[in-house]
Amino acid sequence: MNKIRLFKAGEIYPRYLEYFYKNVPDAIKLPYKEHLAKIMSDSFYWADFWKVNLEQTGNFTVEETLPNNRFLQNQWAKEHSLTVSEDNWFYEILDAQIAEFKPDIFFTNEFQIKPEYKVEIKKKHPSIKIIIGWDGIMRNDKNLFQGCDVVLSCVQESVDYYNANEFKGYYFIFGFEPEILNRIKLRQPIFESTFVGSLYSWGHSQRLRLVAELSRKAPFKIWASSFAPTDKKGYMTEQLSRIRRGKFKDLRDVDRIRKVNQGEAFGLKMYQILADSKITINSHIDFAGNKAANIRLFEATGVGACLLTDWKENLSDFFEIDKEVVVYKSIDDCIDKVKFLLEHDSERNSIAKSGQERTLKDYNLEKRFGKFADYLFGLL
């Protein structure tokens, strides 16, 4: 039987691209495959974990691409003697990559790929039998996924929405890639408690208040991305915008975090900070509702940090509370539990160890993608 060919058009955050090329500027001089491998080895988000784990089943060939990375895509075009226009390079290179690979399945979590493109893609590329999209933040918008046969989501409510709106919804729970443990230093924690993640002006107001208060009242370090601009003009522009929107409580918190922020941390640097933390804090996006779903649950426990996460009604579906992870229900509760866990080393260490064991056993990506591979077989 021929292997199933899956083309993955992955999204890579612009902030991460800036971070990556600042730290690895010579990557743009590399040939395409080496350039792509350099990015993937940093283990940001899904990295090449789809390819690694689906191909490990022996039944898939996966092509990983990053369509919104212009440096990388231009290198692919150059190596394939492809001349592209300035205003449509994104789709011209993507089309050429798809045409060369001839996939059976096209997956994308890249929202620059418009619905109208997905509607027409099977006509352009007749090898494609299944188109799969991704909704990880409860967009619950059928118009965004026009052309898709399947929509994956880490939130069951979104899966239910797409199943009820003429798509096949699939509950795609995040997991952890154990190979990351071979890419970081495993040592005794050096940070008391930490937050590593994004603090957008939208969707993160609860997280903003939590992180600001922790920085005032507990031994706590912050690595925040997508946060206040470092230049004074940009910072003042954002603060004035908050005033216009009536976000007066945010002004003081933003100012506080800006003063103590350690900077951005992505990929292996992020994993190293998590592994170096006695405790790390997780806070879901504002509109997550009462459902635990984000990737940090598995990133933090996977590297062996004691995870202190916001309470969600389904959290016990993943972890045993107070044995494998700890939960908080308010800012004051979170602060109290940080202090308690720092004062009780054996209890904290036991929770961290149990959480890591659970993630490595039940939520490793080999197991996740083994199940997903079976699902994909059923579609074809």
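Coordinate-derived values only; no laboratory data. Worth saying up front: this structure is predicted, and the values here are computed from it rather than measured. Quick reminder, even Gly has a Cβ in these numbers, built from the backbone with ideal geometry, and neighbours come from all protein chains shown.
What GluC sites (Glu not before Pro) in the stretch 48-99 are in a loop by DSSP, with at most 11 other Cβ atoms within 10 Å of the Cβ? Show your work: numbers first, answer last.
Values: sites: Glu55, Glu63, Glu64, Glu79, Glu86, Glu92; in loops: Glu86.
Within the stretch 48-99, the qualifying GluC sites (Glu not before Pro) (loop, at most 11 other Cβ atoms within 10 Å) are Glu86.
Quick check on the stretch 178-362: what does the Kirkwood estimate of hydrodynamic radius come out to from the alpha carbon pairs, in Å? Numbers along the way, then the final one.
On the way: mean 1/r = 0.0596 Å⁻¹.
Computed over the stretch 178-362, the radius equals 16.8 Å.
Of Gly197, Leu360, Ala47, which is farthest along the charge dipole of the chain in the positive direction, counting Lys and Arg as +1 and Asp and Glu as -1 at C-beta?
Among Gly197, Leu360, Ala47, the one farthest towards the positive end of the dipole of the chain is Gly197.
Can you give me the convex hull volume of the Cα atoms of the stretch 47-87, divided per residue and expressed in Å³? Don't jump to the answer; show the numbers that get you there.
Details: hull volume 3.7 nm³, N = 41.
Hull volume normalised by residue count: 90 Å³.
For Lys367, go through the aspartates and glutamates and keep the ones whose alpha-carbon is under 12 Å away, minus same-chain ones fewer than eight residues off.
Glu177
On a C-alpha basis, how far is the centre of the stretch 148-175 from the centre of the stretch 310-364 in Å? Whole number, if you could?
Here the two parts' Cα centres lie 28 Å apart.
Can you pull out the trypsin sites (Lys or Arg not before Pro) in the stretch 11-42 whose DSSP state is coil and whose Cβ has at most 14 other Cβ atoms within 10 Å?
Numbers: sites: Arg15, Lys22, Lys29, Lys33, Lys38; in loops: none.
Sparse-neighbourhood loop trypsin sites (Lys or Arg not before Pro): none present.
Which links in Lys217/Lys259; Lys51/Lys371; Lys221/Lys312 stretch past 18 Å when you go from one Cα to the other?
Values: Lys217/Lys259 15 Å; Lys51/Lys371 15 Å; Lys221/Lys312 24 Å.
Among Lys217/Lys259; Lys51/Lys371; Lys221/Lys312, the Cα-Cα distance tops 18 Å for Lys221/Lys312.
I need the trypsin sites (Lys or Arg not before Pro) found in the stretch 267-333, filtered to DSSP loop residues with at most 16 other beta carbons within 10 Å of theirs. Can you show the working numbers first?
Details: sites: Lys269, Lys278, Lys291, Arg296, Lys312, Lys323, Lys329; in loops: Lys291, Lys312, Lys323, Lys329.
Passing both the DSSP loop test and the Cβ count: Lys323, Lys329.
Can you flag which of Lys8/Lys118; Lys114/Lys291; Lys102/Lys123 are past 23 Å Cα-Cα? All intermediate terms of the calculation are to be shown ahead of the outcome.
Values: Lys8/Lys118 13 Å; Lys114/Lys291 28 Å; Lys102/Lys123 13 Å.
Where the Cα-Cα span goes over 23 Å, the pairs concerned are Lys114/Lys291.
So I have (i) 103, 54, 35; (ii) 60, 48, 42; (iii) 158, 56, 32, and one of them is Cα extents along the principal axes in Å calculated from this model. Which one is it?
Among (i) 103, 54, 35; (ii) 60, 48, 42; (iii) 158, 56, 32, the one derived from this structure is (ii).
Work out the charge dipole of the chain with +1 on the Cβ of Lys and Arg and -1 on the Cβ of Asp and Glu about the Cα centre, then indicate which of Tyr162, Gln262, Val325 is farthest towards its positive end.
Going by the Cα projections, it comes out as Gln262.
Top mean-square fluctuation among Leu307, Leu152, Leu186, Gaussian network model of the chain, C-alpha springs under 10 Å?
The residue with the greatest mean-square fluctuation here is Leu186.
Treating the beta-carbon of each Lys and Arg as +1 and of each Asp and Glu as -1, no other charges, what is the dipole magnitude of the chain about its Cα centre, to the nearest 20 debye? Walk me through the intermediate numbers first.
On the way: 56 positive and 54 negative charges, 173 e Å.
For the chain, the charge dipole is close to 840 debye.
Give the aspartates and glutamates reachable from Lys142 as a straight Cα distance under 18 Å; neighbours fewer than 8 places away on the same chain don't count.
Glu110, Glu116, Glu120, Glu157, Asp160, Glu166
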